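Report on one structure; see the data block that follows.
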Amino acid sequence: MATLIHTLADHSDDVNYCAFSSSCLATCSLDKTIRVYSLSNFTELPYSPLKGHTYAVHCCCFSPSGRVLASCSTDGTTVLWDARDGRRLAVLEQPRASPVRVCRFSPEATYLLSGAADSSVVLWNMQSLKLYRSGNVKGGSVVACAFSPNGNFFVTGSSSGDLTIWDDKMRCLYNEKAHDLGVTCCDISSHPVSDSENGFKYFQMASCGQDNQIKLWLILFADFLGVELKYKCTLNGHSAPVLACAFSCDGQMIVSGSVDKYVIIYETSTGNTLHTLSQHTRYVTTCAFAPHSPLLATGSMDKTVHIWQLDLRQPCAGDTVENESKVAVEDWSEDDVSAWLCAQDLADFVGLFKMNNIDGKELLNLTKESLANELKIESLGQRSKVLQKIEELRMTMISVSVPVPDEFLCPITRELMNDPVIATDGYSYEREAMENWIINRRSSPMTNLPLHSLMLTPNRTLKMAISRWLETQQK
């Protein structure tokens, strides 16, 4: 059972990432801020929100000790913050000032890795706070990364679909075309698994992508043998691009979030679905397990972060009926409705609903009047709670939104363009974002080359195409 215990709704724009330390939860957003919460009561810490980035914050992560928080942004920087008082410790500028999409500390906090939109990968020395090594993936933006448990190797994922394995000397050791339409996230479990063929210890890695898939891999990190990557299986639970994936600390579960608005928790060993969570109303962009408690955080373009309490006991048969995305609600039996009530913490109403023969179709037709007059639920608070859960269920039945075509998104803000203009680099941008960009920079956000002119020309053709696309979505 996964129970929603708290919702954070402080960000004013899309939530891009969330990360746990042993005592805190950090979230970051398109609204340019990072917010930090105490895990004891989910209140925001006094120094939060952290402000300093001038554009969207794409990723945040804690150092292994939890004392340092890193955040990276479209503004081309990775900022280090003191997680105890919110002081800004350092600003690390990506080479060529390219938008930074992802950052991660190595397990011993020796390095901080940052990956950017111009294909660059940088290892920063955390003692000197200087650039240690840098390299480039073959193509596309670097959008995902994960360190091996010993910190001697790391994996990057790119928008071109490649997973690349590197050592800490920034040597490219292996490259795999993993997701045809682009990688979106990857994670490595810290718990090894044995390969019965040769006895070596492999670690499990998960990757997800625009192809709607989550792939599980076995990866061998060995200084004397090199590295090896073996495909294990594919998890096909989502019906739209998968934007996030993460292992639980014991490696026994993996969670994913998708454009289809669902969060799915799988059992790693079998690939079976344990829970499907449907409370977000827009794309799920991030998900993370807490390191030392049975908590899960999920963030979304609906501007919220949900905190879930996980029941780590062996799941019962009724728990899997929570996966309402796989069965048409109208076709639910009375037993399916009973299982759904249990999953929504409404078990007290199981007998009442069965007595009144409430199946899926009847459930969707319930109103405040029928709850009061026919089912005789006297408490206004209880009626409101049931109606709220039914409304959430109805929301899950709305057809999955079509992803916004990438060419309609501003490369700077990654938001749908309203007033697209063409710069002299040949690329189109949102006018306001590009005007703000060239105030401080005279280079292209896409190529980092100097702009021959600061002239911005309205892209009327693109604006008309965006308008037509929006009209089709409103029908």
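If only residues of the stretch 250-266 that are under 15 Å from Asp311 (Cα atoms) and open to solvent by 10 Å² or more (accessible area, probe 1.4 Å) are counted, the one that is modelled with the highest pLDDT is Met253.
The listed residues are Asp211, Asp180, and the only one of them that is in a loop (DSSP other than H, G, I, E, B), touching a Leu at 6+ places or on another chain (Cβ under 8 Å) and without any contact (Cβ under 8 Å) to a residue 40 or more places away in the chain turns out to be Asp211. So for the stretch 224-231 (the condition being without any contact (Cβ under 8 Å) to a residue 12 or more places away in the chain, farther than 26 Å from Lys261 by Cα and not acidic (Asp, Glu)), does at least one residue qualify? Yes; the residues of the stretch 224-231 include at least one that is without any contact (Cβ under 8 Å) to a residue 12 or more places away in the chain, farther than 26 Å from Lys261 by Cα and not acidic (Asp, Glu). Selection of the stretch 123-153 for residues being assigned to a strand (DSSP E or B) and either open to solvent by 50 Å² or more (accessible area, probe 1.4 Å) or without any contact (Cβ under 8 Å) to a residue 12 or more places away in the chain (or both) yields Lys130, Leu131, Tyr132, Arg133, Ser134, Asn136. For the stretch 58-71, the tally of residues that are surrounded by fewer than 22 Cβ atoms within 10 Å (Cβ to Cβ) and assigned to a strand (DSSP E or B) stands at 1. Collect the residues in the stretch 284-297 that are modelled with pLDDT of 95 or more and either touching a Gly at 6+ places or on another chain (Cβ under 6 Å) or open to solvent by 20 Å² or more (accessible area, probe 1.4 Å) (or both), keeping them in residue-number order. Listed by number, the residues that qualify are Val284, Thr285, Thr286, Cys287, Phe289. Tell me, please, whether a residue that is farther than 21 Å from Arg96 by Cβ, among the charged types (D, E, K, R) and touching a residue at least 12 places away in the same chain (Cβ under 8 Å) can be found in the stretch 450-471. Yes.
Within the stretch 79-118, the set of residues being touching a Cys at 6+ places or on another chain (Cβ under 8 Å) and assigned to a strand (DSSP E or B) comprises Val79, Val100, Arg101, Val102, Cys103, Arg104, Phe105, Leu112, Leu113, Ser114, Gly115. If you check Tyr55, Tyr37, Tyr47 for being of a type in the set (Ser, Thr, Tyr), part of a strand (DSSP E or B) and over 17 Å from the mean Cα position of the chain (by Cα), only one passes: Tyr37.
Of Pro445, Pro411, Pro403, all but one fail to be modelled with pLDDT under 75 and out of contact with any Lys or Arg (no Cβ under 8 Å at 6 or more places or on another chain); the exception is Pro403.
The set of residues from the stretch 92-116 being out of contact with any Leu (no Cβ under 8 Å at 6 or more places or on another chain) and open to solvent by 10 Å² or more (accessible area, probe 1.4 Å) comprises Glu93, Arg96, Ala97, Arg101, Pro107, Glu108, Ala109, Thr110.
Residues satisfying the criterion are absent from the stretch 154-163 (criterion: in a strand (DSSP E or B) and open to solvent by 40 Å² or more (accessible area, probe 1.4 Å)). You will find that of Thr234, Thr276, Thr270, the residue that is at pLDDT 90 or above and surrounded by fewer than 19 Cβ atoms within 10 Å (Cβ to Cβ) is Thr234 and no other. Is it fair to say Tyr17 is part of a strand (DSSP E or B), free of Cβ contacts under 8 Å to residues at least 40 places away in the same chain and either of a type in the set (Phe, Trp, Tyr) or within 28 Å of Ser148 (Cα to Cα) (or both)? In short, no. Screening Thr77 with (1) open to solvent by 10 Å² or more (accessible area, probe 1.4 Å); (2) in contact (Cβ under 8 Å) with a residue 40 or more places away in the chain gives one miss only, at (2).
The values are calculated or read from the model by the stated rules, or taken from the named source; none is laboratory data. Please read these numbers as outputs of a predicted model, since none were measured by experiment. A quick note on method: Cβ atoms are made from the backbone with ideal geometry, for glycine too, and the neighbour counts reach across all protein chains shown. The accessibility values were calculated without ligands, DNA or RNA, using every heavy atom of the protein model including side chains. Shrake-Rupley method; radii C 1.70, N 1.55, O 1.52, S 1.80 Å.
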